[in-house]
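Just below is one structure, and these are the notes that go with it.
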Amino acid sequence: MNLKGMKLITHNAQFEHKWFIKNNIQADIVHDTKLLAHLFDERLPLGLEDLCLYFGIDKSYKCGDEIVNLTGKELYDRNTRDAYNTFKLFQILYPKLSSQEKEVYHKVLIPATKSIAKLELAGMKVDLKVLEATRKQIEDKTSDIRLQEDEHITEFNAASQKVFNINSSLHKKLLIYDVLGYPIIQRSKRTGEPTTQADILEALQLIKHKQEKHGESIENCSKCKKLTLSKIINTSKYTGWIENFLNPIQNALVGDMIYTNLWLGETSTGRLKSSKPNLQNCVKNFPRQIFISRYPEGVLSEFDYSGIEYRLMASLAKDAIAISAIKSGDPHIDTARLIFNKKEISKEERDIGKTFNYGLIYGAGAYRLSILTGLHRQEISKMLSRYWGQHNCIQTYFHDWIDNDLIYSPTGMKRHWTKETEAKNFPIQNSAFILMLQGLNRAVEFVEKTGQGVTCLTVHDSIVIDWKSEKAALKYSPEIKGLMCQHEWDWIKTDINADVKIGKDWYNMVEMK
């Protein structure tokens, strides 16, 4: 069947594309009322029925599971009603968009509904043996802390008359703050209790290390206790992997393939959301080794935009110093030299410079930077004075994009904001997202034409391609990188770059020069 001559208006084009592709039907979807609603006002409901009720197009009617058993005239009437309501929604919503919103809608978002549908259908292959070995490896590590003879865990067990359980936030809280005596630097906003999140524990460790290094007398700060906290942090991370990543992967397997849902137009920033399972939760860690090529001689390649948000921020803020640092090499070293007020910079100091660059984009203050770096608030305050002395425009650039309770992106897209961090984040994150979608659309089309692989996933600012051979990956990757880095925005004052890695699995990859 070929519907290409027909211009289709749908509600949720991604879903419709998946059905058309699976049934080998050529279809030309030109409008998506779900996306139109999101562009007009991201606070609107996304369901067809809810939108119809909101705009007074129709009253409540059967939907979801209730229509599964409809047949004959009932089914015909229902489908006719959906088609009519979708068209009425289009008539209401499309004229409400600005010319710039319509441009990004037609050039990027509508084509992306088909690209993303293809990614969802392609899926990722899982090495079942490696999956089981990875699970075993993580479970072994989580049991280490319970098995080791540690004086502080023994003290905890004696005091509580219970065996320490790494999965219990109460147990972790008692061990860290009561037995080990670490200071409370952040409490849960919901409960008011001291937090046991891994990033806070890491900050505690860094702060203690810094204090010891400077020879300060800190109560309850022994090497043994630092090691104990290190065990808790690492074990917490491993536990998180089992609960938040590997278990959903195991439960969602279809044979040895995993298929995620990628939701376009369902977040306030416009970024994609991944679910069932959430593959965007797969940070750059060794559990990625479970994902392999579906082809006998195949390899995976990952194209990751390099420092895209910092580059966009520098351009949006018209920060000449940051733009120059990006063009000359490593902006994080330049920032480290500035905040530490010296020329020779260590790797640790360079990492702190990077933390400043990215943290300050999104509104981190002295307190948050102290947690992230482990430095004293007093020291952070001095660094901030030096930083803002050269980069003050970063604090105010987003004011140019605000119109009352709306914050705009250079793409033309907008969102409502109530917190300053939302206003700061949106122009950068949305621009990066649209740039990535443009690259994704080009990559999907290019790889299809080669016949040598399939584009199978996108995670934030990266795209994963499964190639039939290493030869094909090496041959075509430079062209894909070039396509991803193309843009038509004259406001971007730095180059756009992407790092390319290739490997037999998604973890053991080497950078392609």
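Assorted remarks:
- Measure of compaction for region 365-407 (Cα Rg per 2.2 N^0.38 Å): 1.49
- Each Lys and Arg Cβ is given +1 and each Asp and Glu Cβ -1; about its Cα centre, region 408-467 then shows a dipole of about 260 debye.
- From the coordinates of this entry, Rg/Rh (Cα atoms, Kirkwood Rh) is computed, and it appears in (i) 1.29; (ii) 0.99; (iii) 0.96 under the label (ii).
- A dipole drawn for the chain from +1 and -1 charges on Cβ atoms has a positive end, and of T191, L246, I496 the residue lying farthest that way is I496.
- Centre separation in Å (Cα based) which lies between region 432-509 and region 388-407: 32
- DSSP beta bridge pairing in the chain, given as percent antiparallel to the nearest 5: 85
- Rounded if a/c under 1.5, otherwise prolate or oblate - region 296-415, Cα gyration tensor axes: oblate
- Dipole magnitude of the chain, debye to nearest 20 (Cβ charges: Lys/Arg +1, Asp/Glu -1, about Cα centre): 300
- When only Cα pairs below 8 angstrom with a gap of at least 6 residues are kept, the chain shows a relative contact order of 18 percent.
- Vicinal HN-Hα couplings computed from phi for region 311-326 (Karplus, 6.51 cos²θ - 1.76 cosθ + 1.60; Hz; Gly/Pro x): 5, 5, 4, 4, 6, 5, 7, 6, 8, 4, 5, 5, 4, 5, 5, 5
- Loop-located trypsin sites (Lys or Arg not before Pro) across region 369-467 with a Cβ neighbour count of 16 or fewer within 10 Å are K419, with loop assigned by DSSP.
- Mean separation of Cα contacts under 8 Å (6+ apart) over length of region 286-374, as relative contact order %: 19
- Alpha-carbon centroids, region 355-372 and region 261-325: separation in whole Å: 21
- Percent accessible area from carbon and sulfur atoms, region 324-479, protein chains only, probe 1.4 Å: 47
- When K172, K237, K481 are compared by accessible area at a 1.4 angstrom probe, the order from most to least is K237, K481, K172.
- Of K118/K475; K172/K342; K22/K468; K107/K504, pairs whose Cα-Cα distance is over 28 Å: K172/K342; K107/K504
- Cα→Cβ-extended label distance, 7 Å offset, between E193 and E344, nm: 4.8
- For region 222-365, the dipole from Cβ point charges (+1 on Lys and Arg, -1 on Asp and Glu) about the Cα centre works out to 520 debye, to the nearest 20.
- Computed over region 359-501, the ratio Rg/Rh where both radii use C-alpha atoms and Rh is Kirkwood: 1.09
- Selection from W417, H152, G374 lying farthest towards where the dipole of the chain points positive, charges on Cβ: G374
- Accessible area in the full protein assembly, largest first, 1.4 Å probe, for H391, H376: H376, H391
The values are calculated or read from the model by the stated rules, or taken from the named source; none is laboratory data. This is a predicted model, so every value here is computed, not measured. All Cβ positions, even for glycine, are placed from backbone atoms using ideal geometry, and neighbour counts span all protein chains on display. Only protein heavy atoms, including side chains, enter the accessible area calculation; ligands, DNA and RNA are left aside. Shrake-Rupley method; radii C 1.70, N 1.55, O 1.52, S 1.80 Å.
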